[in-house]
Every structure is written in structure tokens, then in C-alpha cells.
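S.K.: I have a structure here, written as C-alpha cells, and I will follow up with some questions on it.
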Amino acid sequence: MNTQFIGEHLWPGQLGHFFAIISFVGALFSAISYFISVRAEKNNVVLSAQWQWLGRGSFIVHVLAVFGIFSTLYYIIAGHLFEYHYAWEHSSLTLPTKYLLSCFWEGQEGSFMLWTIWHCVLGLIVMRTAKVLETRTMAIIALVQTCLATMLLGFYLSADSRIGSNPFMLLRMQMQGAPVFQMANYMSFIKDGNGLNVLLQNYWMVIHPPILFLGFASTLIPFAYCIAALWKGDYQLFVKPALNWSLFAGGVLGTGIMMGGAWAYESLTFGGYWAWDPVENASLVPWLVLVAGLHTLLVYKATKRTLTITFILYLLAYCLVWYSTFLTRTGVLGNTSVHAFTGEGSSLYWHLLVVLGILLLLSVVLLVYRWKSLPKIKSEEEISSREFWMFIGSFVLLLSGMEIIFATSLPVWAPLYKWLTNKDIAPPVNPVLQYNNIQVWVAIIIGVLSASILYLKFKHTNMKTVLKHLGITVGIAVVMGLIIGFGQKIDAWQYDILLFAACYAIIANIYYAFVVMKGKLKQLGPSIAHWGFGTVLLGILLSSYNKQTISFNTLGMVMDFGKSASENARESRENVLLFRNRAVAMGDYFATYRGDSTSPSDPRTFYRVDYERRDSVTHEVKESFTLYPDAFINPKGQQGLVANPASKHYLTKDIFTYVTSVIDPSKRTDTSTYKSYMVHKGDSIFIDNEYIVFKGFNADIKDPRYTAQQGDIAVAAQLGLYNYDGPVQDMNPIYLIRNQYESTIDDTAKKLGIYVRFAKVIPAQQTAEIQVRQTNPKDDYIVLKALQFPYINVLWLGVIIMVLGFFISLYNRATAKTVVVSIKGMKIEE
């Protein structure tokens, strides 16, 4: 085998792998140093401080090494160093610069690195702000960073087993069996990379993964504070920082999840923003459990109740982040998810299980060890108290998350069930319907509680005042619900109840913010977050319940979508065949496909579709717009089409369209031919839905297509192209005699596929021979699906309001005046 390979750049990979090793060593030494510092705190303060400084220094080295990994890998990707497998697998020469960062998180290694980077940033903040809890929290953060650092090591234990995956692996090492890599000049055969997954070539996928991973990373901090509190048994210290970090994590992770919904809405073609896909569920469940923990921590802060369940929820939330990682990265989900990783074999499977086992073991052992010492209040809460109903709400959120993760994990536990019982478990026929039928009741309960709970007081509530306020808000909500329900024809009883719950959450929280709280902004975080949640529920209901397909196929033809006969028949009813330049009725609109276009710098093909809404009596055009749904045709050399939708956004609805089938460009033909017409001035030529009027000759030609030369005889035919609505454009084909040879310069109306040629002039008769060719519509067509989402902007508005509520609450608590109390000789900030 050759030991020298021509054209390779080895130093970036060697440097990057060196940084990966330093990252692991730095995180491990930091975790050990902080652990020793914690152990020495009681007996040797000086020694504890020395190990604390070592822990800090080691963590900073780890941080610098992580950013070194990032910089080196970016250099390799941006420099198109395709001798590296990661660059070859995820990028290409034609990939736009704005998508280079997306190459990082397409692969396993890059997404783990993104997660690690956010932990580094958050760890530095905790190192500076945790004060007396620094050593304990940083020991946990450094431990988790050690686990993450192993994901990038790529150390082989045997031919089939390794620790982590090295992003700096050379292509020839990854594909050793290929004969080309036995050649010293193999780089001369590597002309381009495999390219980024076409679904990730969207601006949402540049910003959505970093926000989502920041949310995942943020859940580590409340986890670390809980472990720190359980470690020494001083439970009051962790409350304020855990509460603030929970608000931050809840706001960021919620934003990341809904950014994913926006990406799915704009990039995927299942017709919506949420499909209960396992990857979506895997991100939602930790958020639900985290929010539940946030509310029980608020109860503990006010009443000293629910500390045990608070610890359980926070610890579970972060362990669920890792379990979700296991589900989506190891391939155990199989074909149940459209955008999970396919897995890296058994090595990653067991690697993630080991990390998850470490975190679970740490959590369970400390909980069991401290169980008897956890403060408990023997008396029961009053049913009319805020803490009672906050606990109920948190418990419902926990049950919701457990139902979702249990159903999502069917591919994991079904084989175990079969092994125990020798029976198979059939997956649900319609998983979306199953999720909806269960989660609608969760939404109703949480909607009602989020509307009512702020009116209650901790410990004891004057119900007379509360019932007065609730009576007013319930009455307004009922009226609002009836108006919306009748107007939108929501006639399913469970969704009528959900409609009331959503309206009640909106009205009650607005009333609370401006009537009860007098509009004091800093104190309105909870009511604004709950108001936003109610608005989200309303947006989901309005946009989903009356979502309708407007692309009805009236031709009666069944198209082949590569599915079963029944599915092909259903899809055919909801997809319309658009021949070029032929208007087809589509809901309130007439849609006309005008052709496609491409760009050398963009691998997509854009399809122009014009829409017109006309008056039903006068046929006058009331509205017109153009959409450009696009598609990757035969991406990465594979046969098929990957479509990206295009939408027309209104205040009250979206028109959502995407291409489901197109004619293969390599098989497209043009069967049209020129037809000749002898015309005098004023004559018309009728062609399909348009006509051409001959207006006369023009010998004074000023046309950029024609450059005059001495001896030329040139004349242009002045033509006007019209349709039934009026003028379309002027056309000026040219007849030319140069050096005694006749030639023509044609003119076109490309949008309509019309080509005209001035073939001959007969001066004595003032007659012209005009040849006309119009593209045969059947030579070019697309199959289009169009949906109408009513009031989807209500959903996006609700997300913004809810997230704003999280951050207003965070700002209020972070800037609140600190009260210092002394417990067992320690000064504690509240």
C-alpha cells in the first residue's frame, strides 16, 4: 500500500484530532479536580481552593480545545478538503456559503460538537456566577463534557468497536476497500463532495439547530444545580439559580422546537408544522418535563412543598435529553421517523446507553441517599390553593410526556415484549390520530389551569374574589368561543371544549395582566406566557381543524406516486395536473403553470405558478400573485424529487403549495412546429388562448438583438400579443438580408411559450409571412398539491408571546432585589 498520497492536506486533521484529545483530557481533569475540591471543602479550605483553580484552568483548556475543533473542521469544510470523509460526505463545491454551517450538524460528530460548544459557553457562565455552588455544579458539567468529548475521540477498541467517531477521518481510511484509494494520486479522482442533504439547504436549518441545541444544553444547568443540592443536602442554595436557568432553558428550547416546526412547514411536504414524528417528540418531551419542574420549584419556593418531585422532574428532564439522543441517533427508530439519524452501529448504541446509565445512576443514587432528609410537610394543601393546582398541572405535563415518549419508543420496547410474550405489537394504523386523541385532553386541562391558576394564592385563597374574576372571564371566553366555533364550523365536541380552553386561557390571562396586575410589565411574565400558550392552542386548532386541500383533481385520472393503489387514488384526488400555460381552477383561484427556471449557482429547479382570483360575475381579476415552489431533481445522482413548498401569506390564512411530480428534464421534448400565416396590416392570428395582431412594418430598427452593418436590408414586423384580458406584450421579429443571404431574428413570449418568426415580406402587397410556434402544453407539466391553512399566524403569534413570557419572568427574577438570609451559618440569597 502507498504510504505517500499526492495532494492530501494532513495537518488540519492531525491538529483537529489533537484538539479532540486535549478536549477530553481537559474535561476529565476538570471533573476530577472539582470533585476533589468538593471533598476537601470541609476539612481543608486551602487545598479545596487549589483544586478549584485547577478545575477552572482545566475547563478553560477544554473550552479552547473545543473551539479549536470547531475552527479546524470549519477550515476543512470551507476549504473543500475532500480527502476528509466529513467534508466529502456533507459538503460540495456548489454548496452556497450560507449553508456551510449546516454541514456541521448534518453529521453525528458535528451535532455532538455543537452541543459541546453550548455546554462550554454555559459552563463558563456558571463558573463565574455559581459562587459557593461552583465546585459541585462544575464537577457535573465537566463530567457531562467528558462524556460528550468521548463522542469525538474515534479510538478503536477492535475492528468493530470504537469509542466515538473522529470527524477528521480521511476518506481513504473510511473507505479502505475501494481500489481507488490504493493509488497515490487518488485525490485527482475526487472532483467534488457528496453534498449537503437537500432538506437541510434551508435558512431555518442554519438557525434552528443552534437554538435547539442551546435549549438542550441549558437543561444541564438545572440538572447540575439539583445534583449539587443533593450532594451536600443544602436544598435552599439551588432554588434561585435553578429557577432562573429553568426559565432560560424553557424559553430557548421552546423557541428551538417551534423553529423546527417552521422549518417543517416551509421545507417538508407533509402539509403542516407538526406530525408527531419521533424526532419532534424527542425534543418536546424534555421541554414538557422541564416546564413541569419549573412550576413545582415555584411551589417549593413559596411553600416549601414538592421539593422531591422537583428534583425528580429536573433530573428526569435532562436524562430524557440523552434518551432522546439515543432514540434519534442510533437507528433504533428504523423507518418510523423521516429525519432521524440512521445510526452509527452498535458502538454508538452502547456508547449512549453507557452515558445515559451514568446520569441515571448518579441521579437515582443521590435521590435515594437523600430521600429521608428531603423536607416534607405533613399537612395537605388546600384545594383552593395555587400550589395544589400547580402540582396537578405539573403532574399532567409529566403524564403527557410519558405517554408521548412511551409511544415514540415502541421500536425499542416492542422487541423486548415479543421476547417475553412471543407476541408482536402492531403499531397504530394512524399514529397522528392516536396522539391527537390523547393529547387534546392534556391541552384542555393545561389550558384551563393556565387560565385559572394565577388568580389563586399560595396556601390560602379568598374564593369570593377569585370566583368574581373567573366568572367574568369565563363569560367572555364562552362568547368568544361561540363566535369562533360557529364562524369556523368547529363541530367536534372535544375540539369545542379545546376551543373554550384556549379562549379562556387568552381572556383570563389578559384580564389578569391588565386588571388584577395593573399592567406592571416586570410582573407579567407568567400571565404573558400562559396567554401565549392559550394563543398557541387556538392557532393549532384553527389552522389544523379547517385545513383544506384546494388542489382537487377534476380529470378523474389516477397518478402513480409510488404508493399502494388506495394511497395513489387518494393522492390523485388531492393533486392537480398543470400543463404549461393552461389555467386550472383551484379553490378561489385559477392557477397557471408558466415554466421552470434554474441557476448555475443553485441546484434547485423553480416552478413558476401564477394565481388569479376573479370576480364570479364580471370575471375581472381581483387579485393575482406568483409562487415559486422548487425541487431538487435527482439529488445526489438518485432518481426522484425532493420538493420545497412555497406559500402565500395572508393575515388570516396561508396558501401552501408544493410540487409532487414533474416531467424528467432529460426526457422533455418539444413537439411543436411553426405554422405560417400571410397577414396584412390589422390582421389577427389566433393561437390557443391568445391572438396576435399585425400592426405593420418598421424599417427604423432599434433593437439590442440586431446590430446594423453596411449593406443590410432589415425590417421588423410590429406585432401585438393579446389574451382575453387585453395586451400581453409587443413582439418584433426581424427579417434580414445580409450579403444576399436571408435570415431572421425571432421574438418570443417565453412565459406563454410563444415563438414568432418574420419569414418573408412581399412589399408590393404590403404582406408579411409570419410563422408562429406555441409550445405544446403536454410537453411540459407539473403535478401540484395546494393546501389552505386558516389563521396559522395565530400559532406563530402565540409562540412569540409565550417565549416572551419566559424571558420577562427571567428578567424579573434576575433583577429582583436580593434578600440574604442565614441558614445553619451560611448566607443564602433569595
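The values are calculated or read from the model by the stated rules, or taken from the named source; none is laboratory data. All figures in this text were calculated on a predicted structure; none of them were measured in a lab. Quick reminder, even Gly has a Cβ in these numbers, built from the backbone with ideal geometry, and neighbours come from all protein chains shown. Note: areas computed on protein heavy atoms with side chains; ligands, DNA, RNA excluded. Shrake-Rupley method; radii C 1.70, N 1.55, O 1.52, S 1.80 Å.
S.K.: Restricting attention to region 574-607, which residues are more than 14 Å from Pro777 (Cα to Cα), charged (D, E, K, R) and modelled with pLDDT of 85 or more?
M.R.: Glu574, Asp588
S.K.: Still on this structure, I have one more. Output the number of the condition that Pro167 fails; it satisfies all remaining conditions of (1) open to solvent by less than 10 Å² (accessible area, probe 1.4 Å); (2) part of a helix (DSSP H, G or I).
M.R.: The single condition Pro167 does not satisfy is (2).
S.K.: Additional query: Could you check region 358-391 and list, in sequence order, the residues that are at pLDDT below 95, small (Gly, Ala, Ser) and part of a helix (DSSP H, G or I)?
M.R.: Ser373
S.K.: Would you mind telling me which numbered condition in (1) under 25 Å from Trp287 (Cβ atoms); (2) out of contact with any Ser or Thr (no Cβ under 7 Å at 6 or more places or on another chain); (3) at pLDDT 95 or above Ser394 fails?
M.R.: Result: Ser394 fails condition (2) only.
S.K.: Return the pairs, sorted by first residue and then second, in which the second residue is outside any helix (DSSP H, G or I), the first residue lies in region 210-230 and is open to solvent by 10 Å² or more (accessible area, probe 1.4 Å), the beta carbons are less than 6 Å apart, and the residues are 6+ apart or on different chains.
M.R.: none
S.K.: Could I ask something else about it? Need a quick list: helices (runs of 4 or more DSSP H) entirely within region 402-518 having at least 2 residues that are among the hydrophobic types (A, V, I, L, M, F, W, C) and within 21 Å of His295 (Cα to Cα).
M.R.: Qualifying helices (runs of 4 or more DSSP H): 431-452, 493-511.
S.K.: Moving to a separate point now. Run Cys103 past the list (1) open to solvent by 30 Å² or more (accessible area, probe 1.4 Å); (2) within 29 Å of Thr146 (Cβ to Cβ) and report the number of the one that doesn't hold.
M.R.: (1)
S.K.: Could you tell me which numbered condition Phe181 fails, if it satisfies all but one of (1) assigned to a helix (DSSP H, G or I); (2) surrounded by fewer than 23 Cβ atoms within 10 Å (Cβ to Cβ); (3) among the hydrophobic types (A, V, I, L, M, F, W, C); (4) modelled with pLDDT of 85 or more?
M.R.: Of the numbered conditions (1) assigned to a helix (DSSP H, G or I); (2) surrounded by fewer than 23 Cβ atoms within 10 Å (Cβ to Cβ); (3) among the hydrophobic types (A, V, I, L, M, F, W, C); (4) modelled with pLDDT of 85 or more, the odd one out for Phe181 is (4).
S.K.: Taking Ala275, is it touching a residue at least 24 places away in the same chain (Cβ under 8 Å), under 24 Å from Thr325 (Cβ atoms) and in a helix (DSSP H, G or I)?
M.R.: no
S.K.: Continuing with this model, one more query. Restricting to region 1-47, and then to whatever is within 25 Å of Gln174 (Cβ to Cβ), part of a helix (DSSP H, G or I) and touching an Asp or Glu at 6+ places or on another chain (Cβ under 9 Å), can you tell me which residue is most open to solvent (accessible area, probe 1.4 Å)?
M.R.: Residue satisfying both the conditions and the ranking: Leu10.
S.K.: Something else about it: Pick out the one residue from Ser666, Ser624, Ser676 that is modelled with pLDDT of 90 or more, over 30 Å from Asn793 (Cβ atoms) and open to solvent by 50 Å² or more (accessible area, probe 1.4 Å).
M.R.: One residue alone meets the criteria, Ser676.
S.K.: Just a yes or no: is a residue in region 333-354 open to solvent by less than 30 Å² (accessible area, probe 1.4 Å), assigned to a helix (DSSP H, G or I) and modelled with pLDDT of 95 or more?
M.R.: Checked against the condition, which is being open to solvent by less than 30 Å² (accessible area, probe 1.4 Å), assigned to a helix (DSSP H, G or I) and modelled with pLDDT of 95 or more, region 333-354 yields no hits at all.
S.K.: So, one more: Would you mind telling me which numbered condition in (1) open to solvent by 20 Å² or more (accessible area, probe 1.4 Å); (2) out of contact with any helix residue (DSSP H, G or I) (no Cβ under 6 Å at 6 or more places or on another chain) Val448 fails?
M.R.: All conditions pass for Val448, except number (2).
S.K.: Please work out if Met138 is modelled with pLDDT of 95 or more, open to solvent by less than 30 Å² (accessible area, probe 1.4 Å) and in contact with a Gly (Cβ under 7 Å, 6 or more places away or on another chain).
M.R.: Spelling it out, Met138 is indeed modelled with pLDDT of 95 or more, open to solvent by less than 30 Å² (accessible area, probe 1.4 Å) and in contact with a Gly (Cβ under 7 Å, 6 or more places away or on another chain).
S.K.: Could you list all residues from region 545-577 that are farther than 25 Å from Gln488 by Cβ, touching a Phe, Trp or Tyr at 6+ places or on another chain (Cβ under 9 Å), buried (at least 17 other Cβ atoms within 10 Å of the Cβ) and not small (Gly, Ala, Ser)?
M.R.: Scanning region 545-577 gives Glu571, Asn575, Val576, Leu577.
S.K.: Now for a separate question. Looking at Leu804 and the list (1) under 30 Å from Asn244 (Cβ atoms); (2) touching a strand residue (DSSP E or B) at 6+ places or on another chain (Cβ under 9 Å), which single condition is not satisfied?
M.R.: Condition not satisfied by Leu804: (2).
S.K.: Within the bounds of region 74-93, is there any residue that is part of a helix (DSSP H, G or I), modelled with pLDDT under 95, in contact with an Asp or Glu (Cβ under 8 Å, 6 or more places away or on another chain) and not charged (D, E, K, R)?
M.R.: Looking through region 74-93, at least one residue is part of a helix (DSSP H, G or I), modelled with pLDDT under 95, in contact with an Asp or Glu (Cβ under 8 Å, 6 or more places away or on another chain) and not charged (D, E, K, R).
S.K.: When region 581-592 is examined, which residues are found to be open to solvent by 50 Å² or more (accessible area, probe 1.4 Å) and touching a strand residue (DSSP E or B) at 6+ places or on another chain (Cβ under 6 Å)?
M.R.: Matches in region 581-592: Ala583, Asp588, Phe590.
Yes/no per residue for (1) hydroxyl-bearing (Ser, Thr, Tyr); (2) surrounded by fewer than 21 Cβ atoms within 10 Å (Cβ to Cβ):
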site	(1), (2)
Tyr86	yes, no
Glu109	no, no
Phe112	no, no
Leu122	no, yes
Thr146	yes, no
Leu157	no, yes
Ile163	no, yes
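S.K.: Further question: Would it be correct to say that His85 is at positive phi, touching a residue at least 60 places away in the same chain (Cβ under 8 Å) and over 20 Å from the mean Cα position of the chain (by Cα)?
M.R.: No, not satisfied.
S.K.: So, in region 524-544, of the ones that are closer than 17 Å to Lys489 by Cβ and of a type in the set (S, T, N, Q), which residue ends up most open to solvent (accessible area, probe 1.4 Å)?
M.R.: Ser544
S.K.: Looking for whichever is crowded, with 22+ Cβ neighbours inside 10 Å, of a type in the set (A, V, I, L, M, F, W, C) and either touching a residue at least 40 places away in the same chain (Cβ under 8 Å) or in contact with a helix residue (DSSP H, G or I) (Cβ under 6 Å, 6 or more places away or on another chain) (or both) here; the options are Met151, Met187, Met173. Which one fits?
M.R.: Of Met151, Met187, Met173, the one residue that is crowded, with 22+ Cβ neighbours inside 10 Å, of a type in the set (A, V, I, L, M, F, W, C) and either touching a residue at least 40 places away in the same chain (Cβ under 8 Å) or in contact with a helix residue (DSSP H, G or I) (Cβ under 6 Å, 6 or more places away or on another chain) (or both) is Met151.
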